[in-house]
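First up is the structure itself, then whatever we jot down about it.
The values are calculated or read from the model by the stated rules, or taken from the named source; none is laboratory data. Model, not experiment: these values are computed from the prediction. Positions of Cβ are backbone-derived with ideal geometry, glycine not excepted, and every protein chain shown enters the neighbour counts. Ligands, DNA and RNA are stripped out before the accessible areas are found, and what is left, the full protein with its side chains, is counted by its heavy atoms. Shrake-Rupley method; radii C 1.70, N 1.55, O 1.52, S 1.80 Å.
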Amino acid sequence: MARNTRKEQSGTGACVSAENAARRAKAPGDRVWGIWLAAVFLFVLLWGSGADAARLTILHVNDTHGHSWPFNAGGAPDVGGFAPMATLVKAIRAEVEAAGGHVLFLHAGDINTGVPESDIQSAIPDIVALNMLGLDAVTLGNHEFDNARDTLYRQRRFARFPFLASNIVSGDELPFDAPLIREFGDVTVAVYGLTTEFTPIATDPENTKGLVFRNAVEVSRALVPLLAKSADVVVALTHLGWPAGAEDEGITTSKALAEAKVPGLDVIVDGHSHTLFDDLQRVGDAIVVQAGAYGEYLGRLDLEVEQGRIVAATWKALPINVKKEIGKDAAGKAVYGLVGDSVPADPEVATALDYFAEVGSEGLDRKVGETKILLDGERDHVRSGETNLSHLLTDAMRWKTHASVAFLNGGGIRASIPEGDITYRSVLTVLPFGNTLYALDLSGEDLQRFLDAAAKVSPGKGGFPHFSGLTATFADGTARDILVDGKPLDKAKQYRLVTLSFLANGGDGYSVLREIKDAVGRGYDTGYTDANVFVDYLSYLGVVEKTAEEPRIRR
C-alpha cells in the first residue's frame, strides 16, 4: 500500500524554551495571556513527571469556512482568527516539546466557503495561514468541492500539508493523498482521511464527476489493520459529522464509524456537523473529538501511549477570544466578556492575513441596498421554515427571469443581513457559492412530480425547499392544493421553473430535477449569478421595509 511518510518538521512548531515563550507572552497588553501561559508551563512540569510513556498532543480545528480573520460572532466582536490561533499553537508546541512530548496539528475539513475575502481569493489566504501554523494534514470536506476541481488542485499545490481522503476514488486510483505516517521516535502515528459520502449530493455534481465516495466504515476496515501494523496510534481525520438526529440518512457519521469497532482505530478527529463537544466521546474502543466551527475553538487532545496502547487521554476545547454577553450598557447595547483568556495575534501571521484582507476587500464594502428590518438567514431557521430572506431571495430569482416559479434550498442561504446598509460583502456572505440561475421549462405534470419530491424533504436538511410564485400544502410526502400565480396547477400546461444550477444538476438530493432536465431538454443556464441577481433586485426595491410574511407552503 502506498504511504506518504514525512519526517518531523519544525515549521512554526520549532521547540523553544518555556522561559522564552513566557517572556514573549508578557508583552504590553498581554498580561492575562502571560498568566495563563505560566500556568500552562507549571502543568508541563507535572505532566512530565509521570511514568515513562510517550506523550502525544493532537491539536485540531474543523469547518473554518474562510474565517482566517477575527470576526463578529452573533454580535460579539473579534472572535477567532488564525493569527491568535497561531499564538496558541506555538505556545502549546513549546509546552509539549519541553516535556518531551510531540504535537500533531490537524484540520478536519471545510476550509472553503463562508467569508467573501477568502472566497474571492479561492481560500489561498487560509492555505497560507495554515502553512504558517505548521498544519500537518487536512481531510477534504464537502465544501472543498464547492469550486471546480482545478481550484481544489491549485489549493493543494499551495499547501505544505497533505490533503487526505482515503475513501475518494477515481477508477482504481486515489486522487488525493495517502495516509500520513509520523515517526516521533518513541511513538508512531498514522493519520488517514475520510470525507462524508453525502458530498456528491451536497455539492454541484459537476465538481465531483468521476469520483466515488466509498463507505467510510468499509474503507476503514480494510485500511486500519494495515496501518496498525506499523503505527502505535491510528487516527481517522474525518469530515463525517457527529449525529444530531441524522442517523436515518444512511450516511456514515463519526459515531457510526466508532460504533463499527474497527480493530486498531484509536482516535477520530471529526468535522462537518459544527459540533462543539463538552468532552471527548468514548465510543467502543475509539475516542471521538470535534471542536465546533469557524476557528472559535482549538481542540486539544493529550494522549499517553505505552506499548502501542493509549493509557490516558484528556481533551478540552480552548476558546480563541470567544465572548459571551454579560449585560447591557446605558444605551441598551450588549456588553461582552471573554470566555477564557485573551489570546494575542501572532504578528507574522497577522501581517500576512492583513495583506490578503486588503486585496480581498476591494469593492466588497460598496453599498448595494438598505433594509429597515433584519433579514433572517439563520441556518436553523432556513432549514426548517420560511423566512423573510428566503422570500426575498426567491422573489429576486423570479423577478429577474420572469419565471412562473422560483425554487431555492435552505442550505444555499448562509447568513442573515442585519438592519441598515447592505454591502456587497453582506450579499456574498449570504450567497457565497457563485451559483448561476438555471431556467427549466416543464409540464405541470413534471412540476407536480418535483413538488412531491420536495415535500419529502424533512426540516433540518440542506435541501429544505423555498419557493416564489406558488403556494401548496405538503403532507405525507406529497404536494396538493397547488396554486401557481394564484391559479390551480394545470398538469397539461407548460411552466418555467428557475432554480440554481447546483439544484438543476441534482444537488442536495434533487435528482428528480436533473432527470426532468435531461428528459425535456429545454433548460438553459442564464449565466446570472445568484448574488448579482439579488443585488439587482435590491436596487429595484430601493429600501427593504417589509417582506411578504404569508407562508407559501403549508405543512
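Which count do you get for residues in segment 506-524 that are within 14 Å of PRO200 (Cα to Cα), surrounded by fewer than 22 Cβ atoms within 10 Å (Cβ to Cβ) and out of contact with any Leu (no Cβ under 7 Å at 6 or more places or on another chain)? Break it down into steps so the answer makes sense when it comes.
Residues of segment 506-524 that are within 14 Å of PRO200 (Cα to Cα), as a first pass: 506-511, 514.
Checking which are surrounded by fewer than 22 Cβ atoms within 10 Å (Cβ to Cβ) leaves us with 506, 509, 511, 514.
This time we only want the ones that are out of contact with any Leu (no Cβ under 7 Å at 6 or more places or on another chain), so: 509, 511, 514.
Qualifying residue count, segment 506-524: 3.
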Report every pair of residues separated by at least 6 positions or lying on different chains whose Cβ atoms are under 8 Å apart, first residue within segment 332-347 and under 19 Å from VAL89 (Cβ atoms) and open to solvent by less than 40 Å² (accessible area, probe 1.4 Å), second of a type in the set (A, V, I, L, M) and assigned to a loop (DSSP other than H, G, I, E, B).
VAL343/ILE320; PRO344/ALA27
Residues located in segment 85-124, provided they are open to solvent by 10 Å² or more (accessible area, probe 1.4 Å), among the hydrophobic types (A, V, I, L, M, F, W, C) and either assigned to a loop (DSSP other than H, G, I, E, B) or closer than 19 Å to LEU364 by Cβ (or both):
ALA99, VAL115, ILE120, ILE124
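Per-residue answers, yes or no, for (1) of a type outside the set (Phe, Trp, Tyr); (2) at pLDDT below 95; (3) under 24 Å from ILE516 (Cβ atoms); (4) open to solvent by 40 Å² or more (accessible area, probe 1.4 Å):
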position: GLY377; (1), (2), (3), (4): yes, no, no, no
position: HIS391; (1), (2), (3), (4): yes, no, no, no
position: ALA396; (1), (2), (3), (4): yes, no, yes, no
position: LEU408; (1), (2), (3), (4): yes, no, yes, no
position: ALA415; (1), (2), (3), (4): yes, yes, no, no
position: LEU428; (1), (2), (3), (4): yes, yes, no, no
position: PHE433; (1), (2), (3), (4): no, yes, yes, yes
position: TYR438; (1), (2), (3), (4): no, yes, yes, no
position: ASP441; (1), (2), (3), (4): yes, yes, yes, no
Which one is farthest from VAL115 (Cα to Cα), of the residues in segment 414-447 that are in a helix (DSSP H, G or I) and of a type in the set (S, T, N, Q)?
SER426
Among the residues of segment 463-480, is there at least one that is out of contact with any strand residue (DSSP E or B) (no Cβ under 8 Å at 6 or more places or on another chain), on the phi > 0 side of the Ramachandran plot, free of Cβ contacts under 8 Å to residues at least 12 places away in the same chain and small (Gly, Ala, Ser)?
no
Could you list, in sequence order, the residues of segment 46-63 that are aliphatic (A, V, I, L, M), under 21 Å from GLY308 (Cβ atoms) and at pLDDT 90 or above?
ALA53, ALA54, LEU56, ILE58
Go through (1) in contact (Cβ under 8 Å) with a residue 60 or more places away in the chain; (2) under 30 Å from ALA148 (Cα atoms); (3) acidic (Asp, Glu) for GLU545 and report which single condition fails.
(2)
Suppose the filter is in contact with a Lys or Arg (Cβ under 8 Å, 6 or more places away or on another chain), part of a helix (DSSP H, G or I) and either modelled with pLDDT of 95 or more or not hydroxyl-bearing (Ser, Thr, Tyr) (or both); does ALA21 pass it?
yes
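Matching residues to (1) over 16 Å from the mean Cα position of the chain (by Cα); (2) without any contact (Cβ under 8 Å) to a residue 60 or more places away in the chain; (3) at positive phi:
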residue: LEU104; (1), (2), (3): yes, no, no
residue: VAL115; (1), (2), (3): no, no, no
residue: ALA129; (1), (2), (3): yes, no, no
residue: GLY134; (1), (2), (3): yes, no, yes
residue: VAL138; (1), (2), (3): no, no, no
residue: ASN147; (1), (2), (3): no, no, no
residue: THR151; (1), (2), (3): yes, yes, no
residue: ARG154; (1), (2), (3): yes, yes, no
residue: ASN167; (1), (2), (3): yes, yes, no
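Considering segment 364-413 alone, what residues qualify as being assigned to a helix (DSSP H, G or I) and aromatic (Phe, Trp, Tyr)? Before you say what the answer is, go through the steps one by one.
Initially, segment 364-413 is screened for residues assigned to a helix (DSSP H, G or I), giving 379-382, 388-401, 410-412.
Within segment 364-413, just TRP399 meets the criteria.
Could you go through segment 253-263 and let me know if any residue there is small (Gly, Ala, Ser), within 21 Å of ALA91 (Cβ to Cβ) and in contact (Cβ under 8 Å) with a residue 12 or more places away in the chain. Please lay out each step first, then the result.
Start the filter on segment 253-263 by keeping residues that are small (Gly, Ala, Ser), which leaves 254, 256, 258, 260.
In the following step, the residues that additionally are within 21 Å of ALA91 (Cβ to Cβ) were identified as none.
There is no residue in segment 253-263 that is small (Gly, Ala, Ser), within 21 Å of ALA91 (Cβ to Cβ) and in contact (Cβ under 8 Å) with a residue 12 or more places away in the chain.
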Please work out which residue is modelled with the lowest pLDDT, limiting yourself to segment 66-83 and to residues that are in a strand (DSSP E or B) and among the small types (Gly, Ala, Ser).
ALA73
Taking segment 84-137 as the search range and keeping residues that are more than 26 Å from THR275 (Cβ to Cβ) and of a type in the set (S, T, N, Q), which one is modelled with the highest pLDDT?
ASN131
Unmet criterion (only one of (1) crowded, with 18+ Cβ neighbours inside 10 Å; (2) on the phi > 0 side of the Ramachandran plot) for GLY363:
(1)
Suppose we keep only residues that are in contact with a strand residue (DSSP E or B) (Cβ under 7 Å, 6 or more places away or on another chain) and surrounded by 11 or more Cβ atoms within 10 Å (Cβ to Cβ) within segment 525-540. Which one would you say is nearest to ALA504 (Cα to Cα)?
ASP525
